[in-house]
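Derivation of every value follows stated rules applied to the coordinates shown; laboratory data play no part. Model, not experiment: these values are computed from the prediction. All Cβ positions, even for glycine, are placed from backbone atoms using ideal geometry, and neighbour counts span all protein chains on display.
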Amino acid sequence: MHHLDSDTIIVRTKKWIVDVVVGCNFCPFAAREIKRGSIHYEVLFDANKQTVLQTVAKIFNLLDTIKKIETALVILPEGFDTFINYLDIVDKAEQLLENENYEGIYQIASFHPQYLFANSTNLDPSNYTNRSPYPMLHFLREDSVSKAVDMHPNIHDVPEQNMKYAKEMGYEYMQKLFSACI
C-alpha cells in the first residue's frame, strides 16, 4: 500500500518545477514546456533495478512515437531513497541508452532529494539545483537541447549561474522553498 497516490506525487513535482526550477530560473526552458503541457510524468512505485530499466525502455519508445512529448520524468517515490543506490540506477539507465543506440537522440538528467555534487557538503545550497521532491530520471530530446543551446547565448554558464544563485540565496532559503513543494 502506497502512502501517496501518483496524482499527489505529480502535483508536488509540478509545484517543484514551477516554484524551484522555473522560479529560480534553474532551467531557462522549463516554463515553456509547463505552459505547453509537453511534459510526460510517469510514477513508478516499488521501483527496483528491473522495473526502472523496463520503464526507461518504455520512455524511449514513447518519445520515439509521440513527438509532442518534449520531455519525460520518471518519478521513483520508493526504492531509491539513498543517493548511492540512485546513482547506480542512473548509470544503468545511461548504459541502456547507449546499448539501444539512443546516444545523441536522448539525454538523461538526474534529480534526487539528497543530491550531492562531488566535493560538496550536505549544507551546500548549490545542491538544490539538482534536488527534487522525489528521485527522478529526466529524459530530454538531444535536438531540442541543441536548439535551446543555439538560442541561448550563454547556455554553458547556466549550471554555474544556478549554483551562484542558490549560494547567494543561502541554504535556509533554498531548503524552505524546496520543502514547500512537499
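Miscellaneous remarks
- Our coupling estimate for the stretch 8-17, obtained by passing each phi through the Karplus curve with A = 6.51, B = -1.76, C = 1.60 and θ = phi - 60°, is 4, 5, 5, 4, 5, 5, 4, 4, 4, 4 Hz, Gly and Pro reported as x.
- Within the stretch 6-179: Cβ-based charge dipole about Cα centre, in debye rounded to nearest 20 (Lys, Arg +1; Asp, Glu -1): 620 debye
- Sorting 43-49, 145-151 by average packing, meaning the other beta carbons within 10 Å per residue, from highest down gives 43-49, 145-151.
- Listed options for Kirkwood radius over Cα pairs in Å are (i) 16.9; (ii) 16.4; (iii) 15.6. The value calculated from this structure is the one marked (i).
- Protection proxy ranking of 136-143, 94-101, by the mean of other Cβ atoms within 10 Å over each peptide's residues and highest first, is 136-143, 94-101.
- Using 0.36 nm per residue and subtracting the Cα-Cα separation, the extra length available between residue 146 and residue 57 on full extension is 29.8 nm.
- Total formal charge among the other residues, if their Cβ is under 11 angstrom from that of residue 38, Lys/Arg +1 and Asp/Glu -1: +4
- Burial order of peptide ranges 21-27, 173-179 (average beta-carbon count within 10 Å, highest first): 21-27, 173-179
- 27 Å Cα-Cα threshold exceeded, pairs from 92/176; 14/68; 49/147; 15/164: 92/176; 49/147
- Derived scalar couplings ³J(HN,Hα) [the stretch 146-160; Karplus, 6.51 cos²θ - 1.76 cosθ + 1.60; whole Hz; x for Gly, Pro]: 4, 4, 4, 4, 5, 7, 10, x, 10, 4, 6, 7, 4, x, 5
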